[in-house]
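All remarks here apply to the structure that follows.
The values are calculated or read from the model by the stated rules, or taken from the named source; none is laboratory data. Quantities reported herein were computed from a predicted structural model and do not represent experimental measurements. Counting neighbours? That spans all protein chains shown, and the Cβs are built from the backbone with ideal geometry, glycine included. Accessible surface areas use protein heavy atoms only, side chains included; no ligands, DNA or RNA. Shrake-Rupley method; radii C 1.70, N 1.55, O 1.52, S 1.80 Å.
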Amino acid sequence: MRTKEGYPLEIRRLYHLELQEIRALMLEVISRLPFQDLFAMNDEDYFLELIDGMGEIYGAFNNGKLVAYSVLAFPGVSEINLGTEFGVPEKELPFVAVLDSTVVHESVRGLGLQRFFHELREKRAKEKECLYLYSTVHPQNHTSIKNLEAAGFTLQFTRPMYGGKNRHCYSKRLIGLKKDDS
């Protein structure tokens, strides 16, 4: 993938060393949003949980600087698992993955990074034998809605989440149940 200027972007998984860059990029991008409800901000503890096994974070670098990141969460059997919102049976909650936040600096918008990250995260969820993939998006975030729907996600319902922020809730079935699980 290349920037608008033709420079290559480096895409890789992020770990503890990049935590401060992730937070700085998130705060920088959020500070310029037209209104704050468009994005549900994550705290450092959440990112640490992801890095420590509850998910994966992928980043795009332009000349060594983090310019985008995207989160894939594996919430397991927990109260934060979006599968509970969609009626997933408890025995299947370990097979839920969530396309969580994607943050893209305006200098690299329009390159298809969000769609690229969708494909990458879906591939990783399938490799981990997940059955369900979920995501939430603000109803006025038209670019993210378009990208989710282009990736085969279906709008299931809309309701307040994340401290009262209105969200569309999308789902995608990945693979069928294994024969011995039915």
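All of Ala68, Ala60, Ala40 fail the test of being closer than 18 Å to Val104 by Cβ, among the hydrophobic types (A, V, I, L, M, F, W, C) and open to solvent by 20 Å² or more (accessible area, probe 1.4 Å), apart from Ala40. A single member of Leu120, Leu113 is closer than 20 Å to Ala151 by Cβ, surrounded by 17 or more Cβ atoms within 10 Å (Cβ to Cβ) and modelled with pLDDT of 90 or more, and it is Leu113. Considering Thr136, Thr158, the condition of being β-branched (Val, Ile, Thr), modelled with pLDDT of 95 or more and under 15 Å from the mean Cα position of the chain (by Cα) is satisfied by Thr136 alone.
Residue-by-condition table, conditions (1) aromatic (Phe, Trp, Tyr); (2) more than 22 Å from Leu38 (Cβ to Cβ); (3) surrounded by 13 or more Cβ atoms within 10 Å (Cβ to Cβ):
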| residue | (1), (2), (3) |
| --- | --- |
| Cys130 | no, yes, yes |
| Tyr134 | yes, no, yes |
| Ala150 | no, no, no |
| Gln156 | no, no, yes |
| Pro160 | no, no, no |
| Gly164 | no, no, no |
| His168 | no, no, yes |
| Leu174 | no, yes, yes |
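Among the conditions (1) more than 15 Å from the chain's Cα centre (by Cα); (2) within 20 Å of Arg121 (Cβ to Cβ); (3) surrounded by fewer than 18 Cβ atoms within 10 Å (Cβ to Cβ); (4) not charged (D, E, K, R), the only one that Ile80 does not satisfy is (1). Just one residue in the set Phe153, Phe116, Phe95 is touching a Cys at 6+ places or on another chain (Cβ under 6 Å) and of a type in the set (A, V, I, L, M, F, W, C); that residue is Phe95. Considering only residues of segment 21-37 that are open to solvent by 60 Å² or more (accessible area, probe 1.4 Å) and either among the aromatic types (Phe, Trp, Tyr) or touching an Asp or Glu at 6+ places or on another chain (Cβ under 9 Å) (or both), which is modelled with the lowest pLDDT? Ranking the candidates gives Phe35 first.
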